[in-house]
Amino acid sequence: MLQLAGAGKRFGPKLLFENVDWLITPDERTALVGANGTGKTSLLRVLAGLDGLDYGEALRTRGMTIGYLPQYGLALEGRTVFEECLSVFDELLALEKEMETLGGALSELDPESAEYAAAADRFSYIDQRFRAHDGYALDAQVGGVLTGLGFSKEDWERRTEEFSGGWQMRIALGKLLLQKPNLLLLDEPTNHLDIEARNWFEEYLRTYPHGYILTSHDRYFLDVTVDKVVEIWNKRLHVYHGNYEKHLQQKTERRGQLEAAYKNQKDQIERLEAFINRFRYQATKAKQVQSRIKELEKIERIEIPEEEAEIHFTFPQPPASGRTVVEVAGLSKSYGPKLVLENVSFTIERVDRIALVGLNGAGKSTLVRLLSGQDTPTSGVLKLGHNVLAEYFAQDQYKVLDPQARMLDDIGRTAPKVAETELRSLLGCFLFSGDDVYKPLGVLSGGERNRYALARILVSPANFLLLDEPTNHLDLRAKDVLLEAIKNFSGTVIFVSHDRYFLDRLPTRVFEVEGGKVHVYPGNYEDYLWRKEGGAAELAAATAAASVPEPVAVAVATDSGAEQAAAAESNGRGKRVNPIKLKQMQERLRFVEEEIPRVEALIGSAEDSLGVYVSAEETARVSAELDELRERHSALTAEWEELMEQVS
């Protein structure tokens, strides 16, 4: 299909990769990974035929089609969104017009004439081609893709130039998916997709009939969409079979093997050099010395490239807030006639990690701004708890930075007690290294300034962080640093993110913003989906059914009865569980096992609080909270027992 042979590519004086051999098959489902600057985008452009190689060759099967989506830079104009996407079917649309013309001609021609026969044959041929390419469902195909990518029906008739760059990239992605080329090359396709569009896109790729190669900084997306990982490392391509998680395991094993080989080779070289140096000037050993010199020259030296140092950044732990961080009662927010939030009530407790989810425009960012004090409610009560120090990160946080300040000086003023070496390490995680840390903030791009603003927040003394899309513009390494730092943070966090890896590993609760309301779900995003899909109801029904005793059958002493009983027992034991359901139950089991100790700790803390009298109202509140926690603990324990029985 497509093959690289001895391929090499330079970027100016820098060698990106060399001696690359890669056979890309028709069913390719591959992630292209590597550190920043290793040449992932350059390699994709070579595969797409947009750039050439400096060494080697790229061989393509005649007639194959390739679709390439860059990270950014596409601008569409002149048509509506629907017309732009429909334009990928121009050839089929031309056939449709020809069919209409032939249909009119057939109605006028003499059925006995040669012209009629020729027109009928042509009409039949075109009709077969049109049907083979599902031509009668073109509008439905376009509508399905646009809906999946988050475009409302009203958006379909808007002109493409009315949309921002991110939405234009969605249109370009939609066109590629409708074209269905033999090979899709996607450079960071999830950058401009929200969580709902990503979920749809994941499902689309699972059933995509051809091959694709993609890069992404969304680890969960890579885990569920690829079965092979190709990494550019040490100027070579290294192939790992399995998803991204398996690639990490295999890479660790391979590096261990490489280090062992390097040590053995080093020992061999030292022995050879020692022999040469010892006997170099002895005539009786001249032949052996020359032999050792030739052996030394033939050795292909093993190189171990420097790995990026692992950074484990820890927040400067803030002063503790009160148990209740935020109380919201009857809150509503309108912008003119548009009602965004209506009669919303909830409570946020200390050490909560809350993910806000919902469709674009549902009001997630509005709720974050209200909680941070950036906006005021139209009505209702929003009360911060005792000693709560809030810090807000907006999607356009860079706008509040001082453009004249140097990066290292600015972050140093924010965290005067943090050592400069630690601050430089943190900035390095966010792709600012070397002399970059001395740049004035004003010369950075919007994305770079947002990355810096997030690093700056990590060293702030706040105990309540409100983060609106913190993972935008971050690579996998920076995301890992942010994730671990937040997990070890002793304060409270509420965040909006479209990164599924974050959403699965960070939250203790999920707040869904929908229809002006806020619905609260315990657990992470996976647990939220499980409940939304009816998993909790199914489990409750299964638990209730299991508690009903089965009628005892009367044993009949016949051979056939014994056979039936044995068959029934065998069927019961051999019943297969749907692997998807089994995976969901196993993930839910892991969450429950982690949640039970957390609830037990909250119960202990509440019981301690009851031992210190503050007021009658506080005692009543803590008692009610304690009852809820005990009920949750009982429910979790029962659920754990049921899940253990199901997955064992």
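What follows is calculated from the coordinates using simple rules that are stated; it is not laboratory data. Small disclaimer: the values here were computed from a predicted structure and weren't measured. Cβ coordinates were reconstructed from backbone atoms using ideal geometry, including for glycine residues, and neighbour counts include every protein chain displayed.
Tell me, Kirkwood radius of segment 249-298 from alpha-carbon pair distances, in Å? Don't jump to the answer; show the numbers that get you there.
On the way: mean 1/r = 0.0807 Å⁻¹.
Kirkwood hydrodynamic radius for segment 249-298: 12.4 Å.
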Subject >> Vicinal HN-Hα couplings computed from phi for segment 60-70 (Karplus, 6.51 cos²θ - 1.76 cosθ + 1.60; Hz; Gly/Pro x) >> reply: 10, 5, 4, x, 6, 10, 10, x, 10, 10, x
Subject >> Cβ-based charge dipole, the chain, positive-most Cα from Ile195, Gly144, Pro377 >> reply: Ile195
Original post:
Short version: what are the Cα gyration tensor semi-axes of segment 591-648, square root of 5 times each eigenvalue, largest first, in whole Å?
Top reply: 30, 10, 6
**OP:** Could you grab the relative contact order for the chain? Cα pairs under 8 Å, six or more apart, rounded to a whole percent.
**Re:** 11
**OP:** Principal axes first, then extents: for the Cα atoms of segment 380-448, list largest minus smallest coordinate on each axis, whole Å, largest first.
**Re:** 49, 27, 21
Subject >> Most to least packed among 236-243, 30-37 [average Cβ atoms within 10 Å] >> reply: 30-37, 236-243
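Could you sort 424-431, 369-376 so that the peptide with the highest average Cβ count within 10 Å comes first and the rest follow in order?
On the way: 424-431: 20.2, 369-376: 16.9.
The packing order, highest mean first, is 424-431, 369-376.
Against the globular-protein guess of 2.2 N^0.38 Å, express the Cα radius of gyration of the chain as a ratio, rounded to two decimals. Show your work: numbers first, answer last.
Working: Rg = 31.5 Å, N = 648, 2.2 N^0.38 = 25.8 Å.
Relative to the rule-of-thumb radius for its length, the chain sits at 1.22.
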Original post:
What is the diffusion coefficient of segment 162-216 in µm²/s, taking the Kirkwood radius over Cα pairs and the Stokes-Einstein relation at 37 °C with a viscosity of 0.692 mPa s?
Top reply: 281
Subject >> Over segment 79-158: Rg over Rh, Cα atoms, Kirkwood Rh >> reply: 1.15
Subject >> Interchain or long-range residues, amide H under 5 Å from Glu349's placed H >> reply: Val325
**OP:** Return the long-range amide H neighbours of Ala415 (sequence gap of 5 or more, or a different chain), with a cut-off of under 5 Å between placed amide H atoms.
**Re:** none
Original post:
Out of residues 5 or more away from Gly523 or on other chains, whose amide H comes under 5 Å of its own, with H placed 1.01 Å from N in the peptide plane?
Top reply: Arg509, Val510
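Ordered by packing density, taken as the mean number of other Cβ atoms within 10 Å over each peptide's residues, highest first, how do 325-335, 202-212 rank? Don't skip to the answer; put the middle values down first.
Values: 325-335: 17.5, 202-212: 14.8.
Descending packing order for the listed peptides: 325-335, 202-212.
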Original post:
If you add up the charges near Glu253, with Lys and Arg at +1 and Asp and Glu at -1, over every other residue whose beta carbon is less than 14 angstrom from its beta carbon, what do you get?
Top reply: +1
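Scale the Cα Rg of segment 433-534 by the rule-of-thumb value 2.2 N^0.38 Å and send over the ratio, two decimals. Before the final figure, lay out the partial values.
Details: Rg = 15.9 Å, N = 102, 2.2 N^0.38 = 12.8 Å.
Ratio of Cα Rg to 2.2 N^0.38 Å: 1.24.
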Subject >> Tally of Lys pairs whose C-alpha atoms are under 26 Å apart, taken over segment 249-298, 8 or more apart or cross-chain >> reply: 11
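Taking only the Cα atoms of segment 167-318, how large is their convex hull per residue, in Å³? Working shown, then result.
On the way: hull volume 30.0 nm³, N = 152.
In segment 167-318, the Cα convex hull volume per residue is 197 Å³.
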Subject >> HN-Hα J in Hz across segment 350-360 - Karplus 6.51, -1.76, 1.60, θ = phi - 60°, x for Gly and Pro >> reply: 4, 6, 4, 10, 10, 9, 9, 10, x, 5, 4
**OP:** Show that you can apply the helix-only estimate: for the chain, add -39,500 (n - 2.57) for every DSSP H stretch of four or more residues, divide by all residues, and state [θ] at 222 nm to the nearest 500.
**Re:** -15500 deg cm²/dmol
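Report the trypsin sites (Lys or Arg not before Pro) located in segment 35-80 that are in a DSSP loop and have at most 13 other Cβ atoms inside 10 Å of their Cβ, or state none. Each step should come with its number before you reach the end.
Values: sites: Lys40, Arg45, Arg60, Arg62, Arg79; in loops: Arg62, Arg79.
Sites meeting the loop and neighbour criteria: Arg62.
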**OP:** Starting from the Cα of Lys333, draw a straight line to each of the lysines and keep only those under 30 Å, dropping any in the same chain fewer than 8 residues away.
**Re:** Lys153, Lys364, Lys383, Lys399, Lys517, Lys532
**OP:** Can you give me the three principal axis dimensions of segment 381-494 from its C-alpha atoms, in Å, biggest first?
**Re:** 46, 27, 26
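Once the convex hull of the C-alpha atoms of segment 319-444 is built, how many Å³ does it hold per residue, rounded to a whole number?
Values: hull volume 19.0 nm³, N = 126.
Each residue corresponds to 151 Å³ of Cα convex hull volume.
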